[in-house]
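First the structure, in the form of structure tokens, and then the observations on it.
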């Protein structure tokens, strides 16, 4: 139960369907975990080529810049392309192979709510399946990589309507000024997206709304795929017990 | 975020409608938290006088023995009597007064599922209201006690059908042999109740079932009244990351 | 598993908040069960004295006539009066005493959906509690009556909005012409109620709607309080297997 | 379908458990409806005497000022007192009598979510029952007042956690600067409440969050008690069709 | 807020998986909207070639006749064929292209409930995705058509079990005799389908059932994909306020 | 209503995604129905080739042995292979063809809960679609086989998390020692799977947990796809009425 030194923390692996999904959906959590000493790796599954604003080249470069600002590493992988994502076993196996390579403790993926950009929930479903396939020993395509079992899959919501109503969230406190500041900077790195509509302000208002519920300044909801398993109530409530 | 020495932990306050509800519903959690150095106090709201087995005197004495075996302190409070509990503002105020006196971090109460013993969910509702009233400064009846804000209210289920379906539980790992053993001993202390139907075996089977979901041997579900607020993903997942 | 002769069937006990609730909500089921040889007893908990149409005297007499037409026995019990019903432990104990006297297998009560006449769901809640209290051996008020355990509690809906959305119903086939005819006659016995609004036609349209779902002509949904327990799939599906 | 002149609009009747609930929960809607020519009447069911800040006298006077600023009329009614509200048939009848007197088209009441201030959801439940009792012709206590049928009951949420998850809301667009300004002024009239915690900013952040979902600047969710009945899709969508 | 002349109303675009789905699922709404001056266009995605009754040729001709009787225009589009529909990005893009061509305010599609004909909910999902893709500026396949944003997507249910339980419907009043008559005539135009089972009577019974809930004679439920956004309570409730 | 001789019972058709799913998920129900004289046929849709333990050859042979021990017949059908299953219309048609050949009354398939092995819920969805396609007369691929309408589709859960929360289950009593014994033997026939993790003990603990809810020793939940249709309350409750 005693956490080891920081270098032992398993990395966090975050999946995004488009170059800006991770920053807009849960960038504050990324900033917080990096501050806590965790290694973070992004897998982005398109170059945002169907978006109204920004060329694929611009958006790729913005994503790299945002990840670098936060301190995360990043890679791109090709599935079906922006707005063309389909549920295919081959995709899940491809993502499972990445999981076996990175060997994360925590995985983040877009939520499964279907009333949002179709790439978001489909990627969420593919990632969930991938976390299972990463465990199965007999999968021919993955035989050269040792099996891997993650600790927990959390879903994040890119927009308010993507927040599931049937999972009780955990609210991640991102109120510290340096976290808000890092997050804001990272969102602003997606310059092609922040012109037309003020997405940055929108995400901060959303974090403020959830902060209200949490009794803190700003919070980001994460939605656990499985019930959390705790071996005691010590850590979870310490913050409040003062 | 760094937990202080154990003596600083705010106490845990557990409410039961009948003398055996806490042990049968979440005794393993009690055993685990006491092992972790937390002070635990029980408030029992009847003497079980409507039950089919055991006299009020026997049951009171069994409850005291069970609490002592686990290391918890215990008190009894009178509301309307076994199987006669009603929702009254005066009851919530009475329970709020206890909360202001004990000043707990965590509070445990029976779940709100209405398809169970009517005293259970009514007590759960009274306790939830009481945790709010404990915060309100203008309540005449409570003016002599300073306001108190708890950290988190968790609901426990005395029986399978009392497990809420609309709250994602946290699964408390109670697999350690000494915890199972302490819990079993405490349940057996309610000797008048364990004759007719094998309640002890039933609760262990239920913990086994939830252990299946948690990937551990035995687990007890707790149902948070509010989303958990975390300031990082460090502690919650460490156990799994090995 | 083999049903005994008809005379051995435990009686069915149906509760209504107002004189016409049982007929309008599930009269077709009553007709069908009486045809099958089951004894049925009604307990009506007001004389409908707050209704817009009909005097208490008229309504009492209509209820007696309707019950007689179907072949059920009937009694009235006083709780708080029409539109004044409150949740009180004393009421549940009173109803539990009736359950111990009648010793039913099946109990019917109005559904728990709160967006309907306030007497309906409150009576449903009181009856559910009463079915539990009937089992508890230590209840002082009931000590002279032996404990009783019912087989199943089903809820019925008096109106469409009273149909619960979170319980999978069983659909009772009431398509046989003689059942529809008996049910219609019994509803029409509530003559003071059928003038202003065509309640009879409304209930038949509702049964037609549920018949659509069941693949039969007319059906009435009942909502089990507990999952049905079956010892085989034999009987449940025979009708469809032809 | 053609709306008559404004003077014909049935009044809107808003219920609040405490002097500031209506302004904080749905003040922007009040401002908007008054601008549209509707008469609004408030019924406040306590003087906020259990609150941490402000005396009953102060809070009464603040409520009157806030109502006047928006253009609403106001009355206070005594039920059980702040933080003491219970579900009693007599309360519903008292509120039904007010409904028969005011004869509103639309009624607003706090939501039924039970995890909030206990007075809020209990008042919501009492008001819902009252809207039904107002229709029943035989209720002795109300016989001197003619029956009244309202058009629709909407629930409002005083805090984020009071927003029901099982009703699809309608989102009321309150983005117009003069509406936001009026609403803000009315909230600030509750001066005793706005010191300790910045409730005004909180409500504006919540309206911003819901504005995100609605594609407008600010919106307030209302939760209809019954499905809306429309006789065409004309009006509901016009705003968007430009 | 003031509606312009009728000719300015954006058209309504209705999708059906089979030639008769729109008439059976929401023909009364179509009749009502055409009466109100709205242009309606149907897109039918198969020729019903897997149905038990009727040839594709017959069914195509029946659909054209039904649309003409109501005053709607109609086109057929090929996806995977009756009972063979799959979720493919290419299908959504094809439907999005139709949306950009027709430029509707309101879109109707079959509901997403999965326990119904598999083509129904899959088409519903494809249409929902298509309404999003119609907005994205970078989609190569659609670049020659200007982006289009619809006002609202409503789902209709072809059968009772296709009515979603997790969306609060709006109930469309279709009680006017000329609407019922037009709707009935249009359903009867699908002569190959109305022989074996009396689908027309079934739909009228369903509308009667929902009329009960709405306090009118007949109503058809529509299920909004997004919360309705209103800029006032004026229009929505006027009908009831008399 | 009177069941005919046993030989007339329509067969039960059970689908499994992997060689051991049926035994682990609902083997006790199979044992019980065979004892009652029903013919049971298994369709297994992979050879378990992606599992961590056991070769496809071993697992095929274990499945045959388990089926033989229970008295069921078995066949294997190829879809996309273990962990590669996708939703394709061609698969549903293939399964519908099997349904038309076997002509079952009851069909069993894995549940639709998506947070489990991806093959499980996809097969559940394919089977549900197949039961519909089996009824449609115009499907070219199936024209040589007469249409078939099943009585009821029940879903079973292979693991606790696969139990749907939104369907009220029926609890199948499998407490008889000879049933438990047959079930245990059949699970143990999957020898390659029972080494690493004690799956047999897990399923018995799960059945014990559900037995608690049912008031019997062991029970297995089945989740009906459609509301059960009953023509009386006679059979369903007899067991309890003693």
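For segment F:96-105, give me each residue that is out of contact with any strand residue (DSSP E or B) (no Cβ under 6 Å at 6 or more places or on another chain) and either within 16 Å of residue F:226 (Cβ to Cβ) or crowded, with 23+ Cβ neighbours inside 10 Å (or both). Within segment F:96-105, F:96, F:99, F:105 qualify. Taking the criterion of being farther than 13 Å from residue A:30 by Cβ and either surrounded by fewer than 18 Cβ atoms within 10 Å (Cβ to Cβ) or modelled with pLDDT of 95 or more (or both), the residues of segment A:185-196 that qualify are A:188, A:190, A:191, A:195, A:196. I need the full set of residues from segment F:136-146 which are farther than 27 Å from residue F:229 by Cα and either touching a strand residue (DSSP E or B) at 6+ places or on another chain (Cβ under 8 Å) or at the interface with another protein chain (Cβ under 7 Å from one of its Cβ atoms) (or both), in order please. The answer is F:138, F:139. On the given criteria, is residue C:84 within 14 Å of chain B (Cβ to nearest Cβ), modelled with pLDDT of 95 or more and not in a strand (DSSP E or B)? No, not satisfied. For segment C:169-176, the criterion of being surrounded by fewer than 20 Cβ atoms within 10 Å (Cβ to Cβ) and at pLDDT 90 or above is met by at least one residue. Does residue E:144 meet the test of being out of contact with any helix residue (DSSP H, G or I) (no Cβ under 7 Å at 6 or more places or on another chain) and surrounded by fewer than 22 Cβ atoms within 10 Å (Cβ to Cβ)? Here the answer is yes, as residue E:144 does meet what is asked. Only one entry in E:123, E:108, E:69 is touching a strand residue (DSSP E or B) at 6+ places or on another chain (Cβ under 8 Å) and farther than 21 Å from residue A:88 by Cβ, namely E:108.
The single condition from (1) at pLDDT 95 or above; (2) in contact with a helix residue (DSSP H, G or I) (Cβ under 7 Å, 6 or more places away or on another chain) that residue A:103 fails is (2).
With respect to (1) under 30 Å from residue F:37 (Cβ atoms); (2) part of a strand (DSSP E or B), the lone exception for residue C:168 is condition (2). When residue E:149 is tested against the conditions (1) within 11 Å of another protein chain (Cβ to nearest Cβ); (2) within 29 Å of residue E:212 (Cβ to Cβ); (3) in a loop (DSSP other than H, G, I, E, B), the lone failure is (2). For the residues F:73, F:77, the requirement of being within 14 Å of the chain's Cα centre (by Cα) and without any contact (Cβ under 8 Å) to a residue 40 or more places away in the chain singles out F:73. Residues in segment A:52-65 include at least one that is crowded, with 17+ Cβ neighbours inside 10 Å and under 23 Å from residue A:222 (Cβ atoms). Of all residues in segment B:177-230, those satisfying the criterion of being outside any helix (DSSP H, G or I), away from chain F (no Cβ under 14 Å) and free of Cβ contacts under 8 Å to residues at least 60 places away in the same chain are B:194, B:227, B:229, B:230. Inclusion of residue F:128 among residues that are part of a helix (DSSP H, G or I) and out of contact with any helix residue (DSSP H, G or I) (no Cβ under 7 Å at 6 or more places or on another chain) is warranted. Which numbered condition trips up residue E:114, out of (1) more than 10 Å from chain A (Cβ to nearest Cβ); (2) not in a loop (DSSP other than H, G, I, E, B)? Going through the list (1) more than 10 Å from chain A (Cβ to nearest Cβ); (2) not in a loop (DSSP other than H, G, I, E, B), residue E:114 breaks only (2). Which of the numbered conditions does residue A:128 fail, given that it passes all the others? Conditions: (1) crowded, with 24+ Cβ neighbours inside 10 Å; (2) within 16 Å of residue A:155 (Cβ to Cβ); (3) within 11 Å of chain F (Cβ to nearest Cβ). The failed condition is (1). Tallying residues that are at pLDDT 95 or above, surrounded by fewer than 21 Cβ atoms within 10 Å (Cβ to Cβ) and in a loop (DSSP other than H, G, I, E, B) within segment F:7-48 yields 2.
Is it true that some residue in segment E:153-167 is modelled with pLDDT under 95, facing chain D (nearest Cβ under 9 Å) and either out of contact with any strand residue (DSSP E or B) (no Cβ under 8 Å at 6 or more places or on another chain) or under 16 Å from residue D:232 (Cα atoms) (or both)? The answer is yes, given that some residue of segment E:153-167 is modelled with pLDDT under 95, facing chain D (nearest Cβ under 9 Å) and either out of contact with any strand residue (DSSP E or B) (no Cβ under 8 Å at 6 or more places or on another chain) or under 16 Å from residue D:232 (Cα atoms) (or both).
The values are calculated or read from the model by the stated rules, or taken from the named source; none is laboratory data. These numbers come from a predicted model, not from an experiment. Reconstructed Cβ throughout: ideal geometry from the backbone, glycine too, with neighbour counts over all protein chains shown.
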